[in-house]
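Every number in this text was worked out from the coordinates using simple rules, so none of it is lab data. Because the structure is predicted, anything quoted here is derived from the model rather than measured. Methodologically, a virtual Cβ is constructed for each residue, glycine included, from the backbone with ideal geometry; neighbour enumeration extends over all protein chains shown.
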Amino acid sequence: DAKTTQPPSMDCAEGRAANLPCNHSTISGNEYVYWYRQIHSQGPQYIIHGLKNNETNEMASLIITEDRKSSTLILPHATLRDTAVYYCIVKGGTASKLTFGTGTRLQVTL
Amino acid sequence: KAGVTQTPRYLIKTRGQQVTLSCSPISGHRSVSWYQQTPGQGLQFLFEYFSETQRNKGNFPGRFSGRQFSNSRSEMNVSTLELGDSALYLCASSMGTGSPYEQYFGPGTRLTVT
């Protein structure tokens, strides 16, 4: 699975959009981009995933660049409850193993 | 639909003992994966079970084992506990194995070894 690079931390004001970047320059054609988040001491929460098209669900939007070497997770109206560590994971193949990096710690403030 | 459940939520054991943790996946999910989370090592993959067969195993000693039952419920066992086994143990389920299936995590079992 391709390696990902994320900024260690970001801040966002409540009510504003949070844009979390992820670089995955060695991604291969059959690998998906997954986003999870973990709020302190809870199990990781699945957010969204995509292959090459942009995706949107009730939680977030995922924008993948045309060359697929990077992506951005967008939380359109961040709230205090969105404060968490966000993990970008690139995965393909038939195994379910997720390789978690250090993620981005998003702090949403008033 | 109910989420992934894990029991017990908290556990205190003594070095040398063994422990069994349980995971009930989301209804209809056939794949169950286990992860260990510690402050020093982060989230690390232990193993995955699909249709009662271990599909994949992480880099953990043989003291860590698991199994899956015909109803997809899974258990993991740690024998001869060491202090370093203190961690949050997480279970995740998915409908199938591999991509593009997403995994849903349970709340975890926090194990403390004294």
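Considering only residues that are assigned to a loop (DSSP other than H, G, I, E, B) and away from chain B (no Cβ under 13 Å), which ones fall in the range A:90-110?
Result: A:Leu110, single match.
Against the conditions (1) surrounded by fewer than 18 Cβ atoms within 10 Å (Cβ to Cβ); (2) of a type in the set (Ser, Thr, Tyr); (3) facing chain B (nearest Cβ under 8 Å), where does A:Thr79 fall short? Just the number, please.
(3)
Tell me, yes or no, whether the range A:51-72 has at least one residue that is under 23 Å from B:Arg30 (Cα atoms) and touching a residue at least 24 places away in the same chain (Cβ under 8 Å).
Checking the range A:51-72: not a single residue is under 23 Å from B:Arg30 (Cα atoms) and touching a residue at least 24 places away in the same chain (Cβ under 8 Å).
Using beta carbons and a limit of 9 Å, which pairs, at least six apart or on different chains, have the first residue in the range B:42-56 and without any contact (Cβ under 8 Å) to a residue 60 or more places away in the chain and the second one of a type in the set (Asp, Glu)?
Listed by first residue and then by second, the contacts come to B:Gln54/B:Glu48; B:Arg55/B:Glu48; B:Asn56/B:Glu48.
For the range B:89-110, enumerate the residues that are more than 8 Å from chain A (Cβ to nearest Cβ) and in a loop (DSSP other than H, G, I, E, B).
Of everything in the range B:89-110, those that are more than 8 Å from chain A (Cβ to nearest Cβ) and in a loop (DSSP other than H, G, I, E, B) turn out to be B:Met95, B:Gly96.
When the residues of the range B:33-88 are filtered to those that are on the phi > 0 side of the Ramachandran plot and surrounded by fewer than 19 Cβ atoms within 10 Å (Cβ to Cβ), which remaining residue is farthest from the other protein chains (Cβ to nearest Cβ)?
Among those that are on the phi > 0 side of the Ramachandran plot and surrounded by fewer than 19 Cβ atoms within 10 Å (Cβ to Cβ), it is B:Thr80.
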